[in-house]
Amino acid sequence: MATFALPFCEIPEDLQLRILSLLTPAEISSFACTSKRFASLCQEDGKIWHVMCDQRWGKKTKIQKWANGQIPYRHLYKTLKGLENLIGFWRLCGRANPAASSPPLVFFDWGSSFILGSRVLSTGDDTYEVKKTPFLLMGISPEGRSENFLDLVGGNLRSVDDDLKELEASNNLVSVDVNFMGNGHIMVEENRCFTNNNRREDQRSSGDESDDLISSPNFSEMYTQLANKTSPGGDRRRQKRKEKERQASRTKWEPEHFLKVADCSPTPTRPLQGLWKGFCEGSMELYLVKYDEVGGIICRKVEDLSLSRYTPPVFWTPKHTFIRSPFSAEEELLLNSRIHISPFAEVHENVVSGMLYMKSSCDLVLPGEPGNGIGFLRGEGRVWLYDNGTFGFGFLRDQFIIDLKRVALEDGCLADEVEACM
């Protein structure tokens, strides 16, 4: 049966737009040069660029609601393409004092007309479950400007709607700038211009007595104003001044740096790679496992990676090739005599399929020395790979195995998430 190719110009326009939406902006520009009709089609913002935005992000966010639908879709496409790199896991870095800072792991996800950054926290109920606490909202104003708000108190972004104007008037949110320092590094800092403008508006609307004191040339009025500071009305003014100082001090927030966690999930060739969670000393810890360039594996706590100073790894192994079962009688006894540290609700029934020798430091192992080969007899512990894709580790100095579970699902979303109460 003969088939006939239908020319592209005879295809219905809605199908043409769907086909063109699969192209890149550079390819769209080249296609527009082929004819006047196609040039006109590609220049119509409400058609081609709307379809391109809908094709790429329509299932993730409501593109018609970004900037209240008042900016060109071509501008929206460019903006969303830049923000798209934020989606996923990031870790805090460069802080000096862990006790005085925020949780180290954050997760960025699409909202209805914004991108929402949330801190990942344990629920604290002796399970692997975690919750997201929103702290950063990134959107676009109707004028096409970036509008980002940081929640210093907590709980103000959980029920956010699509109107960013209401966020600007909130006293518990701070306007911030999100600066991209490459594809995998962002810095969040306070928007000084926005804050200073709001303070000046507050002063003009409240009629600050200090402004009146400076502008008044009458010494008798100055004396009256100073005397009023000891009067009942003066108490009210002092209270008002203290409230302003409190609000001003609340907005003094140190910039934070975040690095993207690129490989957050394991792969068939790297089964230990990614973000993991496990219980250590009575609380849940987050771990990041990476494969180095020389064939080894290194595991660190996400909390330690956020510090500005160096901290030793949790464990390290020079090779990533697992010793497969059956194991020696000595290794079987070492494994079976240990206590698994996991939540009470979890029942350990995993079968061990592989094992690695590991150490708790990155000491250099030279060729020909004990510890560089498959035996690694001087290792301080073991890593046991389970048949369900998870793993546990333990040290020879104690009788425990810390069982770990994935933080991220295969699609990059947060695993074991519990919806926060509104």
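The values are calculated or read from the model by the stated rules, or taken from the named source; none is laboratory data. Note that this is a predicted model, so its numbers are computed, not measured. In this analysis, Cβ positions are derived from the backbone assuming ideal geometry, glycine residues included, and neighbour counts consider all displayed protein chains. For the accessible areas, the whole protein counts, side chains as well, though only heavy atoms, and no ligand, DNA or RNA atoms are used. Shrake-Rupley method; radii C 1.70, N 1.55, O 1.52, S 1.80 Å.
Which pairs in the list K260/K405; K81/K301; K81/K260; K36/K60; K65/K131 are over 25 Å apart, alpha-carbon to alpha-carbon?
The pairs that break the limit, which is 25 Å between Cα atoms, are K81/K301; K36/K60; K65/K131.
Determine the gain in length on full extension of the stretch D54-T24; use 0.36 nm per residue of separation and subtract their C-alpha separation, reporting nm with one decimal. Please list the in-between numbers first.
On the way: separation 30, 0.36 × 30 = 10.80 nm, distance 1.39 nm.
Extending this stretch completely gives an extra 9.4 nm.
Do you know the relative contact order of the range 382-422, to the nearest whole percent, from alpha carbon pairs under 8 angstrom that are 6+ apart?
The normalised contact order for the range 382-422 reaches 24 percent.
Accessible area per residue for the range 1-83 in Å², computed with a 1.4 Å probe and the full protein assembly in place, what is it?
64 Å²
Could you give the length gained on full extension between L152 and N68, defined as 0.36 nm per residue of separation minus the Cα-Cα distance, in nm?
Going from the current span to full extension adds 27.7 nm.
Before I look further, what does the range 287-352 give for accessible area per residue, probe 1.4 Å, in whole square angstrom?
That works out to 59 Å² for each residue.
Taking the highest mean first, how do the peptides 409-417, 54-62 order by number of other beta carbon atoms within 10 angstrom per residue?
Put in order of decreasing packing, that is 54-62, 409-417.
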